[in-house]
Amino acid sequence: NKPMAFHFSTFANPTTIRLRQPASTYDTTFVVPANSLFSKYVTHILSQVESLPADDPTITTGFEITSDFPIVVVYDFLSSGNNPETYSLKGQNGMGKEFVIPFQTLWNNNVLGSDNNGDGVVTQPKQQFSVVAAEDNTTIYITPRCNTIGGNPANVTYAVFLPLAGNV
């Protein structure tokens, strides 16, 4: 899953953007010219970006992005061989109380027989989502429609407490 980058698009104004992990030490600020696209690569902090393991209820890898003018941001896995993907970050549209998270249901995940990323473990692919706390002391409620890796049964709501902004 490397390289990884955030792509920032600006509109009519030069824009100061802050990219940070509130529950970690990563914090950088930069200015993107008006009507421009700027890519910020984050591969150097790979271990601080990935949300592993899947059954850990609180991980400190969430990013906070702020700017002094409206922007468009996507998070991009640029890999040529490991299912590259671009994720649109929803900003204010992602700040809410209720979300439906779509997953494809037409195909099964491929069963892997080898260590594809070199970490010594054969990790089978699964669907996942991340919720990042925008403020301290956030409780989220999740109702999965199928059993989860963490042992939560289908159609039973459970709570996850995120003590710090930036927790995932």
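Averaged per residue, what accessible area in Å² does segment 129-168 show with a 1.4 Å probe, protein chains only? Intermediate results must be reported in sequence, preceding the final value.
Working: 2480 Å² over 40 residues.
Accessible area per residue, segment 129-168: 62 Å².
Near LEU162, the amide H atoms lying under 5 Å from its own belong to THR138, THR139, ILE140; only residues 5 or more places off or on other chains count, and H is placed 1.01 Å from N.
Extending 7 Å from Cα along the Cβ direction at ILE149 and again at GLN128 yields two label points whose distance is 0.5 nm.
The values are calculated or read from the model by the stated rules, or taken from the named source; none is laboratory data. Keep in mind the model is a prediction, meaning the values are calculated, not measured. Cβ: placed from backbone, ideal geometry, glycine included. Neighbour counts: every protein chain shown. What goes into the accessible areas is simple: the full protein's heavy atoms, side chains included, and nothing from ligands, DNA or RNA. Shrake-Rupley method; radii C 1.70, N 1.55, O 1.52, S 1.80 Å.
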